[in-house]
Ligand SMILES: NC(=O)c1ccc[n+]([C@@H]2O[C@H](COP(=O)([O-])OP(=O)(O)OC[C@H]3O[C@@H](n4cnc5c(N)ncnc54)[C@H](O)[C@@H]3O)[C@@H](O)[C@H]2O)c1
C-alpha cells in the first residue's frame, strides 16, 4: 500500500532509509514521517536500542551486523555510529550504493578525509553532513540578512559549543550505562573537544558564507574532574581555537565541557553586529559601536510547524529536509562533502596545533586535488584512551563489582551534583536574590542523600579492590566533589534537616524585610506622584540660534522617535520608572532630545514638575516655554530644578527638551509634586 506523501516535495517518490547507530539515530523518526522517508532498517550493537527501534518502526529490519544491514534494499543511510569511525562507516555505505547523511563530524584524520572525499566523488552518490546547528530560526534568518548585506563583511566572530556531558563518558546517549560496565564510552570518554568543532563553526560558516583557511590554538592544562584522560588530550578541557576565514575575518571557535553551558555567538561585520544567547537575538545596526542595539524575533523561512517539533532548535528537521530534497529533487544541500571537510578539518588541525604548542596550520581546500594530495597519508591523531581495558587491570574482566563501575560513576556524577549545587549556593545565601530557591535545592539534596550514600559506598568498594586503577582515580575525584567524608556519614541527613529548618526561618525573615521595604517605598510613592512613566520622544526640532538660553518654537508631540527606557534606576528616595537614560539616543539632528507627554489634570491647582538632568533643559507646557535651565544638574538629585505650573482641569501637553551636547551622562529624572500634598494628582493618559 503506498503511503501518503508529505506534500513538501514536488514528487511522490519516497526514500527508503536505513539508520546505522540507534542512539542519536532514534531522534529522526518524526522528521522522516514528514519528509517522504520510510525507515526500513536499523543497525546497532546494542540489543536494547534495536528493541526500541523496532518498537517505533515495527515493519523495519534490525540487526547488530553492519554487513547484513548494508545488504538490505534501501536508498540512503542516516549514519550515527561512533564519531571517530564516521569516515570508514560512510565509505562502506557509499560502496554499498547508499546515499549518506553522516552525523558530525565527517572524519577523524586528514588521510580519512581524503579517502572519504574521493569515495563520495567516485560513487556519484549524495553525501551530506548532518550539521544541524545552523538551522535554528535565528541562524537561518541571520544568514538571509547576511546574504542581503545587512552586516557587511565578516570582521570577527565568536562561535561556541560549550556543553558539559561528563555522564556520557560512562553511558550511551539514552542514559543506559555502557555495556559491559567495566568500560568507558568508546569515544566520548576521551576525545578532545577540538575534534567536535562543527556545532559552533558550522553555523558561523553557513551564516557568513566564508570558509576557514588557517587555524591556531594554545594548550590549556586544566581539566574538569571525572574524565579518564589527563592533560591537553582530555575531553574535560576548554578548547578554543582562532581561525582565519577566507574573507580575512577572524573567528574564535570555543568548544568544551565547562561549568556553565552558555553558548553565545557574536558576529561583527563591517556594517553591523549580532549577538545570540539562548533563544534571544540582538542586533546593533548602523555601523557605530554605540549604535542602538535591539532585539529581533526571527522566524524560519518555511515549515515552522514541522521544524519546531524536532530537536536542536529545529535543526534536525532541516538537515533531513535538505538531504531528502537533494535525493528527490536534485537541489544541493548546504553541507556537501566539501563543506563538511571545510568544517571538520579545523578541528583536527586545532588539536594538532595545541599538541604542538601553538603552531598554526593552513586549512586545505579538499576541492583542490593538489591540496588534497599532501594529506593522503597524514594519519596524525590524538592518542586514544583504551576504553575497553584502560579503567581496570585485566584481572577485573569478569568481576561483577567492576561491572558496576559505569552505573556507579553515572550515579555518582548525577547525585553528587545535586548535593554540590545546594552546598555551593549556601555559600552565597546572603546575596541570593531569591533564597527560597535554596530551600528547593536543600529538599533535593535531602531526597537524594540516601541514594548518594549508597553510590558512595559502591564507589568505595570498587576503589578498595582496584586502588591503582584509572576507575579508582575518577571515582575518587567524584567522591571529593560530593564531599564524601562528610556526606557519607549516616548523621548527615540530620545535618541537612537542621540546615533546612534554618533556611526556612531565613527565608521568612527575608520576605518580611522585603515586605517592609516595599511598604516604605509605597509611602514615598504616595508623597510623589509616580505617573510619569510613558514619556515619548518628539522628532528633532530646529535648534535655536544662540543655543539653549533662547526658547525655540516647540511643536509638542511631533514625529516620535523610538523610545527606550533602558535604565530603571531609582534615584535616592525616588519613584520607579521615571529615570530615563537617553544615552543611546543618538539620532537627533540638533543635539537635543525631546520628551513629550500629555497629562490629564483632575483638579485645577499648582503643580511642580521636578527634574534632574545631565544636560541643559527646557520645559514647555501647552507649547509655552516654562523653564530654561542651561546648567546640568545631577539627575540622582531630582528636585534641584523645579518648575511651578498652574494647571487647569483638563489635558495638557508637556515637552521637555534636553541638550545632549552639554550632558556628560544623558539621564533625566522627572516627578510631579504638589505644593500642598493632596490625593488628587494629575492622571496619566495612555
Ligand atoms: N548533531 C547532533 O546534534 C548530535 C547529537 C548527538 C550525537 N551526535 C552524533 O551522532 C553520533 C552518534 O551519537 P550517539 O550519542 O548515539 O553516540 P554513540 O557513539 O554512543 O552511539 C553510536 C551507536 O552506534 C552503534 N554502533 C557504532 N558502530 C557500530 C557498528 N559498526 N555496528 C553496529 N552498531 C554500531 C553503537 O552501538 C552505539 O549505540 C556521534 O557521532 C555524535 O557525534 C550528533
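The numbers here are math on the coordinates, done by the rules we state, and not lab data. Nothing here was measured: the structure is a model prediction, and the numbers come from that model. So basically every Cβ, Gly included, is an ideal-geometry build from the backbone, and we count neighbours across all protein chains shown.
Just to confirm my numbers, what's the Cα centroid distance between the range 122-148 and the range 177-237 in Å? Taking the Cα centre of the range 177-237 as reference, the centre of the range 122-148 is 22 Å away. Run the quick spin-label model on residue 56 and residue 174: label points 7 Å from Cα toward the beta carbon, then report their separation in nm to one decimal. Distance between label points: 0.9 nm. Extending 7 Å from Cα along the Cβ direction at residue 163 and again at residue 495 yields two label points whose distance is 3.6 nm. In whole percents, the pair-distance distribution calculated for the range 263-355 from its alpha-carbon pairs, binned every 10 Å from zero, is 13, 26, 34, 24, 2. Can you give the Kirkwood hydrodynamic radius for the range 151-284, in Å, rounded to one decimal and based on Cα pairs? One decimal place: 16.0 Å for the Kirkwood radius.
The range 328-364 and the range 261-283 have Cα centres spaced 23 Å apart.
Summary value for the range 234-341: 11 percent relative contact order, contacts being C-alpha pairs under 8 angstrom separated by 6+ residues. Put simply, when 500-513, 334-347 are sorted by average Cβ atoms within 10 angstrom per residue, most first, you get 334-347, 500-513. Taking 0.36 nm per residue of separation and subtracting the Cα-Cα distance, full extension of the segment from residue 271 to residue 447 would add 58.0 nm.
Measure out, as a whole number of angstrom, how far apart the alpha-carbon centroids of the range 416-432 and the range 34-95 sit. So the two Cα centres are separated by 45 Å.
Segment residue 304..residue 433, full-extension length gain: 42.7 nm, with 0.36 nm per residue of separation and the alpha-carbon distance subtracted.
Estimate the FRET efficiency between residue 631 and residue 296 by the formula 1/(1 + (r/R0)^6), using the beta-carbon distance for r and 30 Å for R0, to the nearest 0.05. Taking R0 as 30 Å, the efficiency between residue 631 and residue 296 is 0.15.
The stretch between residue 329 and residue 505 holds 56.7 nm of extra length on full extension. This uses 0.36 nm per residue minus the Cα-Cα distance.
Take each peptide in 140-146, 490-496, count the other Cβ atoms within 10 Å of every residue, and average; sorted highest first, the result is 140-146, 490-496.
Hey, quick one: spin label on residue 518, modelled 7 Å out along Cα-Cβ, who in the range 427-463 has an amide N within reach, i.e. under 15 Å? Only 434-436 pass the distance filter.
Expressed as a fraction of 2.2 N^0.38 Å, the C-alpha radius of gyration for the range 399-482 is 1.26.
Distance between the 7 Å Cα→Cβ label points at residue 95 and residue 367: 2.9 nm.
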